[in-house]
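Below is one structure, written out as structure tokens; the observations come after it.
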Amino acid sequence: MTIRRLDPILADRIAAGEVVERPAAAVKELVENALDAGASRIDVTIENGGQSLIRVVDDGAGMDETDLRLCVERHATSKIPDGDLTNIATLGFRGEALPSIAAVARLDIQARPQHAAQGARLQVEFGEVGEVKPAALPFGARVEVRDLFAATPARLKFLKSTRAEAQAVADVLKRLAMANHGVRFSLGGDGLAGFDYQACPDGFDGLLTRLTQVLGREFRENALQVEAVRENLRLWGFAGLPTWHRANASAQYVFVNGRPVRDKLFAGAIRAAYMDFLSSDRHPTLALFLDCPPRQVDVNVHPAKAEVRFADSGLVRGFVIGALKQALASALHRATPSLAPRALEQFAQNRPAAPKNWDWRASPAAPEPPFAPQMRPSQAFAFEEAGPGAPPAADARPHLAPIAEEALDAPLGAARAQLHETYIVAQTRDGLVLVDQHAAHERLVYERLKKQRAEAGVARQALLSPYIVDLDPADAARLVEAEPLLASLGLALEPFGPGAVAVHETPAALKIGALDALLRDLACSLAEDGAAAPLEKKLDHVLATMACHHSVRAGRRLAPEEMNALLREMERTPGAGQCNHGRPTYVELKLADIEKLFGRK
């Protein structure tokens with residue numbers, strides 16, 4: 001078969017498939033160009049999910065006639081002034097975006113630099129470049145893309161519904177808005193709910209305001225500030241409370257030097273940091289920003305620039321895990337405020353309805369609502385009178401004990417009663433707290449066991465004879481190479497011929513029968529990111545199981561001093577807002593909200 005050169009336009013259309021796979025990818029490239037041009041406002045409009053029209057208007061630096069001619073030529077860029085690919089400080093740098101879009105659509109570019117008296121306009125019809133003409137427009141640029149993929153009908157078959165494509169555009173723009181909270185972003189068009197995010201000030205307050213604009217008010221209520229610095233790395237942003245979690249990782253936003261990325265390294269680090277607080281099928285919500293020298297990260301490993309590669313991935317992973325764990329520890333007993341509204345909603349749904357048009361406040365003849373339960377005063381806490389052998393539903397002995405004023409001012413208040421020998425009711429200055437005594441004590445015991453392990457090391461047991469495990473030769477080599485790390489976790493091994501290892505010591509808490517699966521999991525983890533996470537996770541799981549069996553069980557009656565001691569220890573313990581399985585340990589109800597349930601406010 002004879003070899004021939006492809007037609008340049010056909011080659012551009014083939015290459016465009018790597019950069020512009022859907023309308024959202026085109027929007028991403030155009031908006032990144034606007035950001036690199038220093039825009040302070042970016043307005044995006046789409047029609048038919050971006051297939052019929054994409055319009056991006058910005059007030060950035062603009063382009064003159066010479067720049068307009070060059071910008072639609074492949075590999076023409078202004079973003080690598082010295083040609084150094086190891087020092088990329090911009091979002092776009094390949095010089096492929098505009099030529100790729102122009103090859104598969106009708107492209108209309110209008111631009112005007114700050115110093116020019118008028119603007120210029122260039123149109124490209126499916127790769128055919130027209131002449132540059134004068135145009136009247138404000139400073140900045142206006143780019144319109146029409147009939148996307150009309151020149152490549154096969155790609156249209158792979159597009160999703162108009163609504164799905166529009167939502168993908170919105171998601172892309174929201175990520176860029178998070179990374180650039182000093183820029184005003186707006187999105188409009190059919191098939192989506194548009195938005196207009198006003199520019200926010202610098203710093204954490206401005207970032208939290210932008211994240212609230214994008215993710216909603218609930219994120220602000222559940223956000224923990226994250227900031228850590230190590231060597232040339234800085235991690236900052238906000239992480240959600242462990243008690244505020246989701247069924248998937250779609251609400252995890254990570255940015256490297258202002259670039260939105262989806263990277264397995266960060267996914268694994270986030271999972272490891274929240275390992276003690278969430279079950280494996282739940283995922284936190286967060287927005288993290290990693291700043292590092294451009295030379296320490298390669299952003300040129302993916303055509304869409306969605307993945308990155310670090311010079312020292314182990315350092316970055318450990319840094320992210322440590323920063324997140326520190327932020328979670330600083331939260332101590334704090335739990336998501338959204339638990340209270342859900343509890344009040346349940347109370348409201350089960351509340352008996354008042355007679356129509358009846359207002360007890362306006363009826364002096366009826367000082368109490370007619371639906372109030374009739375109960376003798378002595379019955380309020382005298383459930384023991386219900387009959388012989390009937391278990392008490394509430395224990396009011398803490399109510400009889402004097403209340404220390406400082407306890408009322410404590411975050412979790414002073415214990416007042418125990419309900420069903422399972423739940424502690426505590427009173428604060430402005431509300432009440434309902435605590436699950438077993439879940440709370442389980443977390444306290446777990447943290448205590450972990451602290452003992454950290455201080456005294458992992459208890460280990462020597463085997464009478466080596467335990468031989470056959471593995472793939474590459475997996476065995478990884479385990480032997482990581483032997484010092486594994487030894488620090490209580491697992492001592494050595495090579496035993498090709499494709500096998502001999503285990504001499506194991507953590508005392510682990511069963512020998514589980515070693516085969518554990519070593520294979522360790523090898524997979526080491527192949528992925530060089531960490532021994534499965535062993536640490538296994539040990540933590542054992543500690544969590546021990547904590548569950550050694551904690552205060554539901555059904556145990558507690559004395560007032562025991563309840564208050566539990567509350568005070570919760571306030572001092574990191575992660576006490578949720579048990580080891582990710583469930584909340586307490587719910588706080590404000591007095592004002594309770595009064596609304598009874599029509600007092």
Next on the checklist: Quick query: amide H of residue 580 versus all other amide H atoms, modeled in the peptide plane; which residues come in under 5 Å with a sequence gap of 5 or more or a different chain?
Outcome noted: 443
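If packing is taken as the average number of other Cβ atoms within 10 Å across a peptide's residues, how do 431-437, 133-139 rank, most packed first? Write down the numbers at each step before the final one.
On the way: 431-437: 20.1, 133-139: 13.1.
For the peptides 431-437, 133-139, the packing ranking is 431-437, 133-139.
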Next on the checklist: If I stretch the segment between residue 462 and residue 225 completely, what's the gain in nm (0.36 nm per residue apart, minus their alpha carbon distance), one decimal?
Outcome noted: 80.9 nm
Checklist entry - Could you give the length gained on full extension between residue 262 and residue 593, defined as 0.36 nm per residue of separation minus the Cα-Cα distance, in nm? => result 115.1 nm
Checklist outcome for this item: Stretched fully, the stretch from residue 158 through residue 559 gains (0.36 nm per residue minus C-alpha distance, one decimal, in nm) 137.8 nm
Checklist entry - Roughly speaking, what is the centre-to-centre gap between region 253-313 and region 459-492 when only Cα atoms are used, to the nearest Å? => result 30
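How do 281, 171 rank when sorted from fewest to most other Cβ atoms within 10 Å of their own Cβ?
Numbers: 281 9, 171 13.
Starting with the residue having the fewest Cβ neighbours, the order is 281, 171.
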Checklist outcome for this item: Bridge orientation stat for region 203-330 from DSSP, antiparallel percent rounded to 5, came to 80
Item to check | Exposure proxy ranking, count of Cβ atoms within 10 Å, fewest first, for 525, 78 | outcome: 78, 525
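For region 8-197, give me the percentage of DSSP beta bridges that are antiparallel, rounded to the nearest 5 percent. Provide the component values of the computation, followed by the final result.
Numbers: 33 of 39 bridges.
Looking only at bridges with both residues in region 8-197, the antiparallel portion is about 85 percent.
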Checklist entry - Taking a spot 7 Å from the Cα of residue 295 along the direction of its beta carbon, which residues of region 213-249 have an amide N less than 15 Å from it? => result 232-233
Next on the checklist: Taking loop as defined by DSSP and a crowding limit of 16 other beta carbons within 10 Å, which GluC sites (Glu not before Pro) in region 147-237 fit?
Outcome noted: 231
Checklist entry - Say the cut-off is 24 Å between C-alpha atoms; which of 325/450; 325/451; 264/451; 157/264; 133/157; 28/325 go over it? => result 264/451; 157/264; 133/157; 28/325
Checklist entry - Looking at the square roots a ≥ b ≥ c of the eigenvalues of the Cα gyration tensor of region 8-197, which shape do they give, rounded for a/c under 1.5, prolate if a/b is larger than b/c, or oblate? => result rounded
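Since every read-out is calculated from the coordinates, none of them should be taken as a lab result. Note that the structure is a prediction, hence the values are computed from the model and not measured. Because the Cβ atoms are built from the backbone with ideal geometry, glycine has one as well, and the counts that use them run over all protein chains shown.
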